[in-house]
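Working notes, structure below.
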Amino acid sequence: MIYAANWKMNGDKDFVNSILSQIKDNILPNLSDGSSLILCPPTIYLSDVTDRCKNTSIQSGAQDCSAHENGAFTGEVSAQMISGTGAHWVILGHSERRQYHAENNLLLTDKLRTAHNAGLKVIFCVGEMHQHYIEGTTREILKDQLSVLNDASLANLNYIIAYEPVWAIGTGLVPALEEIDLIHQFIKTLLKDTANPPKERTVLYGGSVNPDNAKDIKSLASVDGVLVGGASLSSDKFKQICI
Ligand code: PGA
């Protein structure tokens, strides 16, 4: 089981120091065999987190990267810079990036390519808006979002998928277990047929994962892990999700 924490734009230096100590002391030693932790702090803290996780099995990742390799792109951080910190992962396609920064398939294809070229592994997020869920067009939306993985430049891209219904993120709402299971199976079928299939078809669930629902979600055979936002900001809650 993969436990990925997306801290989003939260915390400060003290928070990062204290939660890292708690994760290393209280969560990591109690993880079940074969489970792993990926921590995605704000980019400004990525080096600190990566350094402090050296010599442990904890991996770190960024929450986004530039679509460009380098150049005059003020404020941007390249995939190469992320990889240079020693971090292994980058989250791409998160719904907050799609919504607030108008990230579309074209841009995401470029971001995936730069991440791939920099040797980063990608957590690629997909998910439908509430309106799509109500209309019953979730599968069409996911198919379209996943279609970027067919791009010829992404051969051998090292990626996993996070299925995150947009309406479930930060809302306390979660699809029925059966719905999560069916959608994960659907995504895995699509991945099999993509031009660039991943080595292992790993699909995380994300969206209001908390200590009360994690056990049931993790019990689904099609769920390979969870991507946790809000609840990962509390070491207690994150521990209850992971252990
Ligand atoms: P949430 O966020 O756990 O706070 O719903 C998940 C995410 O956005 O990755």
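Coordinate-derived values only; no laboratory data. Keep in mind that this is a model prediction, so the values were computed, not measured. Cβ: placed from backbone, ideal geometry, glycine included. Neighbour counts: every protein chain shown.
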Original post:
When the dipole is taken about the Cα centre of the chain, and only Lys, Arg (+1) and Asp, Glu (-1) are charged at their Cβ, what size is it in debye, to the nearest 20?
Top reply: 460 debye
Original post:
Counting every Cα pair in the range 151-210, what percent are over 19 Å apart?
Top reply: 37 percent
Original post:
Under 13 Å Cα-Cα from LYS13, which aspartates and glutamates qualify once same-chain neighbours fewer than 8 residues away are excluded?
Top reply: ASP48
**OP:** Whole Å is fine, so just give me how far the alpha carbon centre of the range 26-44 lies from that of the range 61-88.
**Re:** 22 Å
Subject >> Dimensions in Å of the range 113-156 - Rg and Dmax from alpha carbons >> reply: 13.3, 39
Subject >> Other-chain or far-sequence residues with amide H under 5 Å of GLY206's (modelled H) >> reply: TYR163, GLU164, LEU227
Original post:
If the limit is 21 Å between Cα atoms, which of LYS111/LYS239; LYS121/LYS199; LYS24/LYS239 go over it?
Top reply: LYS111/LYS239
**OP:** Would you grab the residues whose amide H sits under 5 Å from the one on TRP7? Only those 5+ places off in sequence or on another chain, please, with H modelled 1.01 Å from N.
**Re:** CYS40
Subject >> Leading residue at positive end of dipole, the range 2-242 (Cβ point charges), from ALA87, ASN213, CYS40 >> reply: ALA87
**OP:** Kindly write out, for the range 161-168 in residue order, the coupling ³J(HN,Hα) from the Karplus curve 6.51 cos²θ - 1.76 cosθ + 1.60 (θ = phi - 60°), rounded to whole Hz, with x marking Gly and Pro.
**Re:** 10, 10, 8, 10, x, 4, 6, 9
Subject >> Interchain or long-range residues, amide H under 5 Å from LEU92's placed H >> reply: ILE123, PHE124, CYS125
Original post:
Karplus couplings for the range 196-201 from phi (6.51 cos²θ - 1.76 cosθ + 1.60, θ = phi - 60°), rounded to Hz, Gly and Pro as x?
Top reply: 10, x, x, 4, 10, 8
**OP:** Take the Cα pairs of the chain, get the Kirkwood Rh, then feed it into Stokes-Einstein at 20 °C and 1.002 mPa s and tell me D in µm²/s.
**Re:** 119 µm²/s
**OP:** May I ask you to list the aspartates and glutamates whose Cα is less than 17 Å away from that of LYS54, ignoring any residue fewer than eight positions away on the same chain?
**Re:** ASP25
